[in-house]
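Have a look at the structure below before the remarks.
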Amino acid sequence: MKEVQITKLNSAVTTSDSAYRSYVTSAISTDTQRYVIVDSDEMPNINMEETGKYSVFDIANWFLLKGEMTQKKLQKLCYYAQAWCYALKGYRLEDTDYQAWVHGPVSPALWERFKSFGYDPIRIGGSVKVKLDAADEDLLEDVWDTYGDNTGNALEALTHRELPWMEARRGYEPDERCTVVISPITMASYYKSIYVGD
């Protein structure tokens with residue numbers, strides 16, 4: 001297993017709320033499925049004290065530069081970026097935890113920033129630059145290529161069939177509020193177990 005890399009946070013300028021605009025569109029969910037049992041002997045070595053290489057808002061801005069999307073979709077893309085970074089690189093990409101909310105993994109900080117949009121899509125306005133290492137940008141491109149064509153509802157359905165969210169929700173009713181943090185160890189193990197790349 002790779003050692004955890006400690007790097008300083010991104011120095012990119014985070015945009016204010018006024019840089020984001022919303023408008024109404026429709027989304028059609030698609031069917032998704034996948035469930036794999038994780039081998040407990042394959043637990044990765046992740047430093048839980050790590051603050052994260054980038055701000056979650058920098059990662060969110062990177063995805064928003066790809067196009068407008070609902071907060072639900074943005075939350076899931078940022079979650080998958082964090083999860084796949086744990087699985088493939090062994091370090092914490094974003095300075096946030098994801099909780100097992102009713103509609104899937106949610107970063108409370110990201111939710112707080114965009115809660116005023118409700119179900120309306122968000123689009124980024126003005127000039128925003130996000131400075132990422134090339135390897136991290138490659139990871140985000142892979143996440144976008146894998147999940148970017150899905151709606152927020154489809155991504156919610158996918159996370160509901162995956163072990164990290166299910167494990168954190170254990171003991172909760174389907175519509176019950178839950179703020180349990182999804183385990184980075186489980187995220188890393190699970191997504192590594194389903195990885196089919198090189």
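Assorted remarks:
- Counted as qualifying within the stretch 61-125 are the strands (runs of 3 or more DSSP E) with 3 or more residues that are in contact with a helix residue (DSSP H, G or I) (Cβ under 6 Å, 6 or more places away or on another chain), namely 104-106.
- Where a residue in the stretch 72-88 is under 18 Å from ALA135 (Cβ atoms) and open to solvent by 10 Å² or more (accessible area, probe 1.4 Å) and its partner, wherever it lies, is at pLDDT 95 or above and not in a helix (DSSP H, G or I), with Cβ under 9 Å and at least six apart: TRP84/LEU93
- Leading residue by the ranking (surrounded by the fewest Cβ atoms within 10 Å (Cβ to Cβ)) among those in the stretch 175-198 that are over 17 Å from VAL143 (Cβ atoms) and of a type outside the set (Val, Ile, Thr): ASP175
- THR146, sole failed condition from (1) farther than 17 Å from ILE59 by Cα; (2) open to solvent by 70 Å² or more (accessible area, probe 1.4 Å): (1)
- Cβ separations smaller than 6 Å between residues 6+ apart or across chains give the following pairs from the stretch 178-198 residues that are more than 16 Å from GLN82 (Cα to Cα) to residues that are assigned to a helix (DSSP H, G or I) and among the basic types (Lys, Arg): CYS178/ARG169.
- Of all residues in the stretch 106-124, those satisfying the criterion of being open to solvent by 50 Å² or more (accessible area, probe 1.4 Å), touching a residue at least 12 places away in the same chain (Cβ under 8 Å) and over 20 Å from LYS66 (Cα atoms) are LYS115, SER116.
- Single match in ASP95, ASP138 (criterion: in contact (Cβ under 8 Å) with a residue 12 or more places away in the chain and surrounded by fewer than 21 Cβ atoms within 10 Å (Cβ to Cβ)): ASP95
The values are calculated or read from the model by the stated rules, or taken from the named source; none is laboratory data. What you are looking at is a predicted structure, and each value in this text was computed from that prediction instead of being measured. Backbone-built Cβ (ideal geometry, glycine too); neighbour counts: all protein chains shown. In case anyone asks, the SASA skips ligands and DNA or RNA and just uses the protein heavy atoms, side chains included. Shrake-Rupley method; radii C 1.70, N 1.55, O 1.52, S 1.80 Å.
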